[in-house]
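Structure first, then comments.
The values are calculated or read from the model by the stated rules, or taken from the named source; none is laboratory data. Since we're looking at a predicted model, the values are computed, not measured. All Cβ positions, glycine included, derive from the backbone under ideal geometry; neighbour counts span all protein chains shown.
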Amino acid sequence: MIKQIFAATALVSLSGMVDADVLVTKNGERLLGTLESIRGDSLVWKSDSFSTLTLSKSDIAELVLTQEIKINGHDDPCYMDSFVNGMMQLNCEGTESFVHLDMLQSLEPWVDPDYEYFSWTGHVRLTGELFWGNKTDKDWTLDSATNVYKGDFRHSAALYYKRDDNSDPLVEPDIKWIASYGIDWFYSEHWYLNGNTEARRDDSNSVVSRYTLGVGVGYRFWDNDTGHLFIENGPAYVKETLDNSGVEDTTNSIGWRYKLDWSAPLPLWPEDFGAAPDFYHRHTVTMTDADHFRTQFESNTGVRFPVFGSINADIDFEADYDTKPSAGNEKADYQIRLGVSYSW
């Protein structure tokens, strides 16, 4: 017992010097970083060296927390004074108490209710593609996306650029680019109001230009360090110019837009293999009154494997479907993309 108390005290001293929390696993791994949350039997740890890790509570040998924490949903902030044999000594506004880690259902960093929450997440990715449909070439794509949370608002922006240089130097390259922006107001824990806009060009599908402006309401099922699930829908206005065999045709239409965005760790991933890859799926359905009735479906599904720190290897599958494409184009497009991404 004396040896364990001495070890915990040493860890506390060291964490004060490096200004970080400390976690030691039962197999001897020592991790500097920050405790993100505890939910049920799982502990989420943001490591300084290995990005975000999800561990079992049963694997924890020593733990030092220097930040204020929120225990089991209570509003009062607490400090953890010591951690010995899984027993946490807590100080909650001067009141000492003891609780075993196994009995703890939830823990997260405490945030002052008057503090305006701010966070920034996103990625930038370079991929190569193999696809079939309207095109049979290979090319490279650069895309990026970011979410900025500030208080009850979320700002989302994304850029996508693809250039396909034809093997014939006399043929102009096909360009596809998409720029989008959205703003969400979370007026309750789960519900939010949404505004969104998008501009694009897509030579391979004869889209000279397309502009979308929409509003709607969304629902957040969950959004934490390990994953998220959002759905949103609402009316949209679409202005599109298509190149139909050399003749540009512009339509203005009113319709409905539906979007789903989901991400979660890959299930049944062996712990011996390290952090679980992220499995994600996003799709958008836009239904308009253009040419009597038109439905456009765009989806993106993939797996992001952590390689080192914030560097990942991505496998991505895109499927697009348009019930009324421009003349000479097929209704469906499929793409397989392999590449490298950087997340923050």
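For region 283-302, the set of residues classified as crowded, with 16+ Cβ neighbours inside 10 Å and under 17 Å from His123 (Cβ atoms) consists of Asn300, Gly302, listed by residue number. Might you let me know whether region 264-273 holds any residue that is touching a residue at least 24 places away in the same chain (Cβ under 8 Å), of a type in the set (Phe, Trp, Tyr) and surrounded by 14 or more Cβ atoms within 10 Å (Cβ to Cβ)? No - not one qualifying residue is present in region 264-273.
The residue that is modelled with the lowest pLDDT, among those in region 263-279 that are under 20 Å from Val340 (Cβ atoms) and either part of a loop (DSSP other than H, G, I, E, B) or of a type in the set (Gly, Ala, Ser) (or both), is Gly274.
Look at Glu330 and say whether it is out of contact with any strand residue (DSSP E or B) (no Cβ under 8 Å at 6 or more places or on another chain), outside the structural domain of Ser56 (by TED's automatic domain parsing) and touching a residue at least 40 places away in the same chain (Cβ under 8 Å). When the stated conditions are applied, Glu330 passes them. Right, Tyr181: of a type in the set (Ser, Thr, Tyr), under 22 Å from the mean Cα position of the chain (by Cα) and buried (at least 18 other Cβ atoms within 10 Å of the Cβ) or not? No, not satisfied.
Yes/no matrix, rows are residues, columns are (1) closer than 22 Å to Trp256 by Cα; (2) free of Cβ contacts under 8 Å to residues at least 40 places away in the same chain:
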| residue | (1), (2) |
| --- | --- |
| Ala158 | yes, yes |
| Asp164 | no, no |
| Val171 | no, yes |
| Val217 | yes, yes |
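Return the total of residues in region 281-315 being on the phi < 0 side of the Ramachandran plot and out of contact with any Phe, Trp or Tyr (no Cβ under 9 Å at 6 or more places or on another chain). Result for region 281-315: 6. When the residues of region 135-152 are filtered to those that are part of a loop (DSSP other than H, G, I, E, B) and of a type in the set (Asp, Glu), the one that is modelled with the highest pLDDT is Asp152.
Applying the criterion of being in contact with a Phe, Trp or Tyr (Cβ under 8 Å, 6 or more places away or on another chain) and of a type in the set (S, T, N, Q) to the residues of region 5-53, the residue that is modelled with the highest pLDDT is Thr34.
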